[in-house]
Amino acid sequence: MTQLTRSWLVMSMVVITVALVLAVAPGLPRPVWLVLIMAASFVKARLVLLDYLELRHADEWRVGAMAALVALLLVMAALAAMA
Amino acid sequence: MAKKGLPGNSLIWILIVSEVLVFALGLVAFLVMRLLHLREFQAASHLLHAGAGTLSMALLLTSGYLAAIAQSNSQQGGQSRSRLLLILAALLGVLFLALKAMEYSDLWNRGVAFEGSQFFTLYALITGFHAAHVAFGTGLLLVVSLRPTLEHVEPSVAFWHMVDLVWVLVFPVLYLVPR
Amino acid sequence: MKYQSQKVALAYFACAMILFAAQVTFGLVLGYIYVAPNFLSELLPFNIARMIHTNALVVWLLLGFFGASYYLIPEETERELHSPKLAYIQLVLLMVGASAAVIGYLFRIHEGREFLEQPLWVKLGIVVAALIFLYNVTMTVLQGRKTVITNVLLLGLWGIALFFLFSLYNPANLTVDKMYWWYVVHIWVEGVWELVMASVLAFMMLKLTGVDREVVEKWLYVIVALALFTGLLGTGHHYYWIGTPGYWQWIGSIFSALEILPFFAMVMFTFVMVWKGRREHPNKAALLWALGCSVLAFFGAGVWGFMHTLAPMNYYTHGTQVTAAHGHLAFFGAYVSMNLAIITYAMPYLLGRRPYNQVLNMASFWLMASGMSFMTFTLTFAGVVQTHLQRVLGQGFMDVQDQLSLFYWMRLGSGVVVVLGALLFIYATFVPRREVIETVNPAAAPAE
Ligand code: HEM
Ligand code: HEM
Ligand SMILES: [Fe+2]
């Protein structure tokens, strides 16, 4: 199996997991829910960047992209967690 | 381009970064407005279909997967396979747009006014702008499927992945956070 | 000067400098009226003097763009201009139109929209001149070597003409009128003019630093992409309060906030080129203007633009002295400096001399740059006070103006410095010292 296919499978699993949680346990405590969706977002965005956009072997560009992604998700998570 | 450098055309990366910046600003604005209008946002978010958003996500990620395989086929000279995959990827894009249209018309039928509500103004702007990119990207994939050389395919597919990436960020913030 | 027809640029630059002198002088008149409101109130009312100040500015900047194009296009395409004669006809047309417009203004013949006050027939004359110009440069480029610099320049120049066409349409509905007005005013300075600026700077970097053309071209692509991506939808930052739908507040705020990026990229570009550069070009003054251009444009357009571009901020500052502060530093930093840079660079070649009056020229840079910066600071303070008194506390417009007079006096003072700097610049570039008699062999002009 290629790296690409593996990534697609992982992303699909993530999508299905979030959908299942939403369907089965909609009343999850908010912090848990936020961590779950932000983590799901991170996994998907990371794999899109690494294997779809082929940054996996692009050394410092990869590091920069990951840093930017994490920073953005942290900002969004912090805003989402307020109030 | 150096071996370990940025893959593909660096101009497409300028575009990708600019687009992601625009959407990131839009999403941060959305989250800030949510803090200022908590009730409205929570109520409004239940009018959205999280299921449709999830399905859209699956469509785009799968479409991106097909487009990525198309690109490696073009790279290895398998142009007719590449063409087929590009057309399939574009079809999933069309499905995404159809789903989006259904969501909009459903909201419309339930009397949602896109102006006058902070939630729906931003929802319409962000998803509308994204959908415009999906439409453009779909067209792009179809155009390059006519002559799927690597040179044509690579930037278009990169654009298509950017559209994916944006939805990965948009979907949770609009559909899942305000609930 | 490698090509005879480049000489056309000299006439354009000379006319531009005449209008430049007039423009800043009228600025002084305006600044004085602000502190002594009855000054010339019958002969030359404020609104008329203001029209002359702003129109002369735009026209001389355009003349500078034309001159710069006529200078650099032969060198880039490696052939003579298609028709130097047409270029002179175009210049005469423009100068006649500009003088007629000014005389008309003095007799109160003008239209109503800021910057576009020219009567219709003057506008049509401008269109004809633009067509002559575009025909001339496009033919030259088509028949010669094609470079990224000339492509971007042509894109910008065609865009200038295209968007000017919106000035011919003056709908009765005030909201629609304003939308079209900004298609000219905003998309010019934050869109197509930026392309001209970037390509002229690229040309100068190529010549002054000796960096490889491929490197310069890469930067140019990046700057152009960023400018168009942010600047076009950035028009929305003028659609907040003119009667357009509310979503423009989001579109305008988000895209225009990113408009700082192309200006930042231009700063990076010029400085990285100078660091990487292998060549010591003798025209230090030209380099100073080019670097000053990108830096002052970054502050005037980028930073001062960003200060009031987000809708919640602009709600308070709209149309106050903050806007005037930004307008001055942005125009000066970006387009005045760019023109003065290329003029400083080109004049020695046009006159067949080694670079001359370098110290005077650099002194004029520091005079103008510091005068303009000081003017920007005073107007910014004035604007902040005005915003608070008028928009927050709700005092009357004229009551507030009375309380700002100290700032207006300081603006007048800094204006005097700018005018002195401008006159010094004109002297330094157009009156070479007598001693330097021997002409430079044109072939000795630095190649790429
Ligand atoms: C190269 C230098 C200059 C440039 C690029 C320039 C540019 C401009 C621009 C773009 C405007 C219109 C501003 C707006 O619509 O907000 C303007 C208006 C004005 N300028 Fe200048 N100007 C220059 C020099 C001067 C000087 C030396 C003075 C003298 C003090 C001056 C005084 C004024 C005044 C008083 C106004 C009218 C502002 C108003 O209506 O409230 N300018 N100028
Ligand atoms: C070289 C580029 C630029 C020039 C020459 C320029 C010049 C001007 C001028 C003359 C005005 C006043 C227009 C009027 O008469 O109402 C203006 C307004 C404005 N500019 Fe710029 N500008 C530039 C770039 C920018 C950038 C990059 C931004 C944002 C980041 C910006 C933000 C604004 C805003 C928000 C206004 C409206 C102010 C108000 O509401 O009164 N400008 N600009
Ligand atoms: Fe603008």
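The values are calculated or read from the model by the stated rules, or taken from the named source; none is laboratory data. Model, not experiment: these values are computed from the prediction. Quick reminder, even Gly has a Cβ in these numbers, built from the backbone with ideal geometry, and neighbours come from all protein chains shown.
On inspection, residue C:302 passes the criterion of being more than 14 Å from chain B (Cβ to nearest Cβ), part of a helix (DSSP H, G or I) and near ligand 2 (Cβ under 8 Å from one of its atoms). For beta carbons closer than 7 Å, sequence separation of 6+ or different chains, a first residue in the stretch C:310-331 that is more than 16 Å from residue C:115 (Cα to Cα) and within 14 Å of another protein chain (Cβ to nearest Cβ) and a second that is within 7 Å of ligand 2 (Cβ to nearest atom) and part of a helix (DSSP H, G or I), the qualifying pairs are C:310/C:257.
All conditions but one from (1) aliphatic (A, V, I, L, M); (2) in contact with a Gly (Cβ under 7 Å, 6 or more places away or on another chain); (3) free of Cβ contacts under 8 Å to residues at least 40 places away in the same chain; (4) near ligand 2 (Cβ under 10 Å from one of its atoms) apply to residue C:254; the one that does not is (4).
Considering the stretch B:109-123, and only residues there that are surrounded by fewer than 18 Cβ atoms within 10 Å (Cβ to Cβ) and facing another protein chain (nearest Cβ under 9 Å), the residue that is nearest to residue B:20 (Cα to Cα) turns out to be B:115.
Here's the yes/no breakdown for (1) more than 9 Å from every other protein chain (Cβ to nearest Cβ); (2) farther than 25 Å from residue B:23 by Cα; (3) surrounded by 12 or more Cβ atoms within 10 Å (Cβ to Cβ):
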position	(1), (2), (3)
A:21	yes, yes, yes
A:40	no, no, yes
A:45	no, no, yes
A:49	no, no, yes
A:55	no, no, yes
A:58	no, no, yes
A:64	yes, no, yes
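Test residue C:244 against the criterion of being surrounded by fewer than 20 Cβ atoms within 10 Å (Cβ to Cβ), within 12 Å of chain B (Cβ to nearest Cβ), of a type in the set (Ser, Thr, Tyr) and closer than 24 Å to residue C:311 by Cβ, and give yes or no. So residue C:244 fits the description; yes. Pairing each residue of the stretch C:173-185 that is within 12 Å of residue C:163 (Cα to Cα) with any residue that is among the hydroxyl-bearing types (Ser, Thr, Tyr) and more than 14 Å from ligand 3 (Cβ to nearest atom), provided the two are 6+ apart or on different chains, yields C-beta distances under 7 Å for C:180/C:169; C:184/C:167. What are the pairs with Cβ atoms under 9 angstrom where one residue, in the stretch A:1-19, is more than 9 Å from chain B (Cβ to nearest Cβ) and the other, located anywhere, is modelled with pLDDT under 95 and surrounded by 13 or more Cβ atoms within 10 Å (Cβ to Cβ)? Sequence gap at least six, or different chains. Sorted first by the residue in the stretch A:1-19, then by its partner, the pairs are A:3/A:56. All of (1) surrounded by fewer than 17 Cβ atoms within 10 Å (Cβ to Cβ); (2) in a helix (DSSP H, G or I); (3) basic (Lys, Arg) hold for residue C:207 with one exception: (1).
Would you say residue C:101 is more than 16 Å from ligand 1 (Cβ to nearest atom) and either of a type in the set (S, T, N, Q) or free of Cβ contacts under 8 Å to residues at least 60 places away in the same chain (or both)? It is true that residue C:101 is more than 16 Å from ligand 1 (Cβ to nearest atom) and either of a type in the set (S, T, N, Q) or free of Cβ contacts under 8 Å to residues at least 60 places away in the same chain (or both). If a residue must be touching a residue at least 24 places away in the same chain (Cβ under 8 Å) and of a type in the set (Asp, Glu), how many such residues does the stretch B:128-179 contain? Within the stretch B:128-179, residues that are touching a residue at least 24 places away in the same chain (Cβ under 8 Å) and of a type in the set (Asp, Glu) number 2. Being touching a Phe, Trp or Tyr at 6+ places or on another chain (Cβ under 7 Å) and surrounded by 21 or more Cβ atoms within 10 Å (Cβ to Cβ), is that true of even one residue in the stretch C:162-170? Among the residues of the stretch C:162-170, not one is touching a Phe, Trp or Tyr at 6+ places or on another chain (Cβ under 7 Å) and surrounded by 21 or more Cβ atoms within 10 Å (Cβ to Cβ), which makes the answer no.
Let's see how each residue does on (1) closer than 30 Å to residue C:207 by Cβ; (2) touching a helix residue (DSSP H, G or I) at 6+ places or on another chain (Cβ under 9 Å):
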| position | (1), (2) |
| --- | --- |
| C:17 | yes, yes |
| C:38 | no, no |
| C:47 | no, no |
| C:53 | no, yes |
| C:86 | yes, yes |
| C:94 | yes, yes |
| C:98 | no, yes |
| C:103 | no, no |
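Restricting attention to the stretch B:31-74 and to residues that are closer than 24 Å to residue B:147 by Cβ and among the aliphatic types (A, V, I, L, M), the residue that is nearest to the other protein chains (Cβ to nearest Cβ) turns out to be B:68. Out of the stretch B:157-179, which residues are farther than 30 Å from residue B:46 by Cβ and either at pLDDT below 95 or more than 14 Å from chain A (Cβ to nearest Cβ) (or both)? Hits for the stretch B:157-179: nothing passes. Return yes when residue B:28 is within 20 Å of the chain's Cα centre (by Cα), surrounded by fewer than 17 Cβ atoms within 10 Å (Cβ to Cβ), within 11 Å of chain A (Cβ to nearest Cβ) and of a type in the set (Val, Ile, Thr) and no when it is not. Answer is yes for this residue. Listed here are the helices (runs of 4 or more DSSP H) enclosed by the stretch C:1-114 that have at least 2 residues being modelled with pLDDT of 95 or more and within 16 Å of ligand 2 (Cβ to nearest atom): C:8-35, C:46-77. Is it true that residue C:309 is within 16 Å of ligand 1 (Cβ to nearest atom), β-branched (Val, Ile, Thr) and touching a His at 6+ places or on another chain (Cβ under 9 Å)? When the stated conditions are applied, residue C:309 passes them.
Only one of the listed residues (C:325, C:290, C:346, C:311) is crowded, with 24+ Cβ neighbours inside 10 Å and either within 16 Å of ligand 3 (Cβ to nearest atom) or within 27 Å of residue C:50 (Cβ to Cβ) (or both). That residue is C:325. Residues in the stretch B:128-156 that are among the β-branched types (Val, Ile, Thr) and within 14 Å of chain A (Cβ to nearest Cβ): B:153 only.
What residue, among those in the stretch C:391-435 that are in contact (Cβ under 8 Å) with a residue 24 or more places away in the chain and not in a helix (DSSP H, G or I), is farthest from residue C:363 (Cα to Cα)? Only one residue fits best here, namely C:404.
Can you tell me which residue within the stretch C:226-237, out of those that are over 21 Å from residue C:290 (Cα atoms) and buried (at least 21 other Cβ atoms within 10 Å of the Cβ), is nearest to the other protein chains (Cβ to nearest Cβ)? This residue is C:229. If the condition is being hydrophobic (A, V, I, L, M, F, W, C) and surrounded by fewer than 22 Cβ atoms within 10 Å (Cβ to Cβ), then the stretch C:135-151 contributes C:139, C:141, C:142, C:148. Determine whether residue C:223 is within 14 Å of another protein chain (Cβ to nearest Cβ), of a type in the set (A, V, I, L, M), closer than 17 Å to residue C:330 by Cβ and within 16 Å of ligand 3 (Cβ to nearest atom). It is false that residue C:223 is within 14 Å of another protein chain (Cβ to nearest Cβ), of a type in the set (A, V, I, L, M), closer than 17 Å to residue C:330 by Cβ and within 16 Å of ligand 3 (Cβ to nearest atom). The criterion of being on the phi > 0 side of the Ramachandran plot and either at pLDDT 95 or above or not in a helix (DSSP H, G or I) (or both) does not hold for residue B:64.
Here is a yes/no grid of residues against (1) of a type in the set (Phe, Trp, Tyr); (2) within 16 Å of ligand 1 (Cβ to nearest atom); (3) at pLDDT below 95:
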| residue | (1), (2), (3) |
| --- | --- |
| C:216 | no, no, no |
| C:225 | no, no, no |
| C:232 | no, no, no |
| C:245 | no, no, yes |
| C:248 | yes, no, no |
